[in-house]
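No value in this document is a laboratory result; all are computed from the given coordinates. Because the structure is a prediction, the values reported are computed rather than measured. Heads up, the Cβs are rebuilt from the backbone with ideal geometry, glycines too, and the neighbour counts pull from every protein chain shown.
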């Protein structure tokens, strides 16, 4: 809609209805999930049988709330640990890659850049299967050739970290590169002329300028890792992450504790995003 041009009443009404339907379609399932987290029923669906907090705090033979569910709490902790390592690795490598592509000229730079973008177009299922086959092949080679059993090549925590890191780094690199494109290189030249070393210039000037993008990269990579399912499904071992654990529960039949977990995740994600926005705004102002 171009607001500066006159529009007929039917057009404005249709536009308003479209926007309303879009947001209803987007948020109605989330609202239903949140409401069902308080449903006094043993099934995570309608009809409504009254309000209860059992799916959060109960600890009885018939009902176990999320705060007493050892299996789900363990999977949440696994997801947090995975997301922590993935976000640290992704931001570190992504920052270095952004410097490489934005501030350096070298042979085959364009080809390497397209290779870096490949994970964006490769489906997560294909990426997970490829990493699993590659790790199994490498593990069998080390075992047959050297008699070594390398834990990294077995499905498990660190293989999940490597698998998620392999594509999340691309998003972080693009995010930091976009910020680095706006950087005024004359600031570095002035600092060098005043006697600063290359490390001091990067630490006190360039990275300070990139701080909002780095903070955003940490947040984006953490959330992407926490909710990843497609790639993780093929690489997970005996300690499933929360998305895998929820999938197994839904497949085999579960209770409204799933709705309670979903509600807590929505609240946690909202708080996390709000903190990230405030931190990014403060970094940009400082």
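Quick check on the stretch 146-270: take the gyration tensor over C-alpha atoms, sort the square-rooted eigenvalues as a ≥ b ≥ c, and tell me if it's rounded (a/c under 1.5), prolate or oblate.
oblate
Quote to one decimal, in nm, the extra length available between residue 104 and residue 138 on full extension: 0.36 nm per residue of separation minus the C-alpha distance between them.
This chain segment gains 8.9 nm when fully extended.
Looking only at Cα atoms, what is the convex hull volume of the stretch 29-124 per residue, in Å³? Before the final figure, lay out the partial values.
Numbers: hull volume 15.2 nm³, N = 96.
Residue-normalised Cα hull volume stands at 158 Å³.
At 222 nm, what helix-only mean residue ellipticity would the chain give, in deg cm²/dmol to the nearest 500, using -39500 (n - 2.57) for each DSSP H run of four or more?
Here the helix-only value at 222 nm equals -24000 deg cm²/dmol.
Subtracting the Cα-Cα distance from 0.36 nm times the residue separation, let me have the gained length for residue 28 to residue 270 in nm, one decimal.
Full-extension gain reported as 85.4 nm.
How long is the gain from residue 77 to residue 248 if the chain were fully straight, where each residue apart is worth 0.36 nm and the alpha carbon distance is subtracted? Please report the intermediate quantities before stating the final value.
On the way: separation 171, 0.36 × 171 = 61.56 nm, distance 1.70 nm.
That pair, residue 77 and residue 248, stretches by 59.9 nm at full extension.
Quick one: if the Förster radius is 45 Å, what FRET efficiency do residue 202 and residue 125 give, using the C-beta to C-beta distance and rounding to 0.05?
Approximately 0.70, to the nearest 0.05.
Sort 117-124, 45-52 for me by packing, meaning the mean count of neighbouring Cβ atoms within 10 Å per residue, highest on top.
Highest-to-lowest ranking by the protection proxy: 117-124, 45-52.
What FRET efficiency comes out for residue 229 versus residue 190 if R0 is 51 angstrom and r is the Cβ-Cβ distance? Round to the nearest 0.05.
Working from the Cβ atoms, E equals 0.60.
So if we plug the beta-carbon distance of residue 13 and residue 48 into 1/(1 + (r/R0)^6) with R0 = 35 Å, what FRET efficiency do we get, rounded to 0.05?
Plugging the Cβ-Cβ distance into 1/(1 + (r/R0)^6) gives 0.55.
I'd like to compare 21-29, 172-180: which one has the highest average count of other Cβ atoms within 10 Å, and what's the full order after that? Write down the numbers at each step before the final one.
Working: 21-29: 10.0, 172-180: 20.6.
Packing order, densest peptide first, comes out as 172-180, 21-29.
Based on alpha-carbon centroids, what's the gap between the stretch 179-257 and the stretch 1-64 in Å, whole number please?
30 Å
Cα gyration tensor of the stretch 18-63, axes a ≥ b ≥ c as square roots of the eigenvalues: rounded (a/c below 1.5), prolate (a/b > b/c) or oblate?
In terms of gyration-tensor shape, prolate.
Can you pull the three principal axis extents for the Cα set of the chain, in Å, largest first?
76, 73, 33
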